[in-house]
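The values are calculated or read from the model by the stated rules, or taken from the named source; none is laboratory data. The structure presented is a predicted model; accordingly, all values stated were derived computationally and were not measured. Heads up, the Cβs are rebuilt from the backbone with ideal geometry, glycines too, and the neighbour counts pull from every protein chain shown.
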Amino acid sequence: MTTKRSGSSFNSMSSKRKLESVFLFTTGKCNAKCAMCFYAGDMEQKAPELSFDEIKKLSESAGDFNRLWLSGGEPTLREELPEIIEMFHRNNHIKDVNFPSNGIKGELIIEWLKRLRKNCPDLNIAISISLDGFGATHDTQRGVPSFYRAVETLKLINDNFKDDGKVIKNIATVITKYNVEEVRDFVAWTYGRLNVTTHTIEAARGVTRENGVKVLNEKSLRLIQDDVAPYYLLYAKRIGEGMSGIARSLTKFFYVGLMRAMYDIRAQNLDKPTPWGMDCTAGETTLVLDYDGRFRACELRDPIGNVKDYNCNIQDIMNSDAMKKEIEAIGHGYKANCWCTHGCWIMSSITFNPLKMIGKLFKSNSETKKLNVPVHVDEQTLRNLEAKYHLDTDKLAEIGLIQGEKTAGVA
Ligand code: SF4
Ligand code: SF4
């Protein structure tokens, strides 16, 4: 079985617009109650979920596309999830699946990842575990005590897929009033203690469950992003380990460039909508399927129909008058009518605007280099952070992250 990351659709840039990414909200259920959840209102509707057969029809009618982005609700609460991913791999030849989770059901995630690695050996799987801060901060923001569960899940993923390049291990942190003061320390701790492939941070977006959790503005977000920039060079180095010289340099260039470019666009759009410097290709290259069958061009715009009215046929949906009108309403280039901070669409749009973005990638690399300072994430620093944020070291030892006075780590 190949364990080398290859054939990822993120490596290829193309100006030909066609369906590239399907965002599937697999369930309307969740076992957390996050303060910054932008989907809480939709989940409260408790509408019936799309059935497996309806999702099958959607898959069978879609043709080939590259990326399946899972969403929800909590994806691990959809029992048929592995079958659904395997079906899209078989019918649509997807190259990448993005699998976000709050990490509460760790054993199930491992079971499903093993199954997917066996049944879809060429599929790149990005498993993204939400971790918002140290211990109590994470638990307060997530509304349920889940910090040690999520950390244990990351440890299990690392133990099982440490050298498997087809399993990308990501931590996703959403910045709110709860964790804003500790996010810099948290990025350092996760880098040093958890052997993940990358760590993304973003400001809370959309209409949140709890009012008043969004505390960042462009200036304060940029300060955080600049302060953590050195970690992206370290992550680039980690990703490139074992690669040959040219592959390593290219991977570093694209990873550092894309991360910084995405962060720059996000910051620009935090206070007010600001053109991205490229078209947003929502609706042309992306389709969002809500758990109850409503569909949209992107997660932040309103639903424009229900797949059931199109006999669950994705080609008909993409060619529908509703989608054409929506693309027109979004607009193009600097005349577009809406701009946002949504990383998934920024990344997706970048791959379809290669000429406009190549200069930005060079600029982003050079900016990140200038922000680089030596970071020291040695054992004593990690221990100090664990003491400062009152982490339960017995629990960390039980999980296997640290051993008594001497840390085993996961690297
Ligand atoms: S943000 Fe995700 S994990 Fe949190 S409540 Fe919403 S759907 Fe659940
Ligand atoms: S800019 Fe943002 S809100 Fe507007 S269509 Fe694109 S992804 Fe959606």
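Table for the structure above
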read-out	value
Qualifying residue in region 272-285 (condition: among the aliphatic types (A, V, I, L, M), closer than 20 Å to I358 by Cβ and modelled with pLDDT of 95 or more)	no
Those residues of region 281-293 which are buried (at least 21 other Cβ atoms within 10 Å of the Cβ) and within 16 Å of ligand 1 (Cβ to nearest atom), in sequence order	V288, L289, D290, Y291
Sole residue being assigned to a strand (DSSP E or B), more than 16 Å from ligand 1 (Cβ to nearest atom) and touching a residue at least 24 places away in the same chain (Cβ under 8 Å), chosen from L113, L68, L50	L68
Search result, residues across region 186-237 that are within 16 Å of ligand 2 (Cβ to nearest atom) and touching a His at 6+ places or on another chain (Cβ under 8 Å)	R205
Tally, over region 244-294, of residues that are within 23 Å of E326 (Cβ to Cβ) and hydrophobic (A, V, I, L, M, F, W, C)	8
Among the residues listed as S366, S348, the single one being within 24 Å of K237 (Cα to Cα) and surrounded by 20 or more Cβ atoms within 10 Å (Cβ to Cβ)	S348
Meets criteria (touching a residue at least 12 places away in the same chain (Cβ under 8 Å), buried (at least 18 other Cβ atoms within 10 Å of the Cβ) and in contact with a strand residue (DSSP E or B) (Cβ under 6 Å, 6 or more places away or on another chain)) for L194	no
Residue match in region 129-144 (condition: under 27 Å from S59 (Cβ atoms), under 19 Å from the mean Cα position of the chain (by Cα) and buried (at least 21 other Cβ atoms within 10 Å of the Cβ))	yes
Flag for F38 being in contact (Cβ under 8 Å) with a residue 24 or more places away in the chain, farther than 17 Å from R142 by Cα and within 16 Å of ligand 2 (Cβ to nearest atom)	no
Pairs where the first residue, in region 149-176, is over 11 Å from L194 (Cα atoms) and more than 16 Å from ligand 2 (Cβ to nearest atom) and the second is polar (S, T, N, Q) and assigned to a helix (DSSP H, G or I), C-beta under 9 Å, 6+ apart	V167/N160; T173/T190; V174/Q141; T176/Q141
Pair list, Cβ < 8 Å and 6+ apart or interchain, from region 301-325 residues that are closer than 16 Å to F52 by Cα and touching a residue at least 40 places away in the same chain (Cβ under 8 Å) to residues that are basic (K, R) and in a helix (DSSP H, G or I)	N311/K57; C312/K57; N313/K57
Residues (basic (K, R), assigned to a loop (DSSP other than H, G, I, E, B) and over 26 Å from T341 (Cα atoms)) located in region 139-198	K162, K166
Cβ-Cβ under 8 Å pairs, at least 6 apart or on other chains, region 277-289 side under 12 Å from M347 (Cα atoms) and touching a residue at least 40 places away in the same chain (Cβ under 8 Å), far side in a strand (DSSP E or B) and of a type in the set (A, V, I, L, M)	T286/V22
Condition broken by S71, with the remaining ones in (1) surrounded by fewer than 22 Cβ atoms within 10 Å (Cβ to Cβ); (2) in contact with a Cys (Cβ under 7 Å, 6 or more places away or on another chain); (3) of a type in the set (G, A, S) satisfied	(2)
Within region 71-83, tally of residues that are part of a helix (DSSP H, G or I) and either within 16 Å of ligand 1 (Cβ to nearest atom) or touching a helix residue (DSSP H, G or I) at 6+ places or on another chain (Cβ under 6 Å) (or both)	5
Those residues of region 294-306 which are more than 16 Å from ligand 1 (Cβ to nearest atom) and either in a loop (DSSP other than H, G, I, E, B) or at pLDDT below 95 (or both), in sequence order	A297, C298, R301, D302, P303, I304
Residue ranges of helices (runs of 4 or more DSSP H) in region 323-398 with at least 1 members under 22 Å from the mean Cα position of the chain (by Cα) and either charged (D, E, K, R) or within 16 Å of ligand 1 (Cβ to nearest atom) (or both)	343-351, 354-371
D227 vs. criteria touching a residue at least 24 places away in the same chain (Cβ under 8 Å) and over 28 Å from M43 (Cβ atoms)	yes
Scan of region 85-103 for residues that are over 17 Å from the mean Cα position of the chain (by Cα) and within 17 Å of K29 (Cα to Cα), ordered by number	none
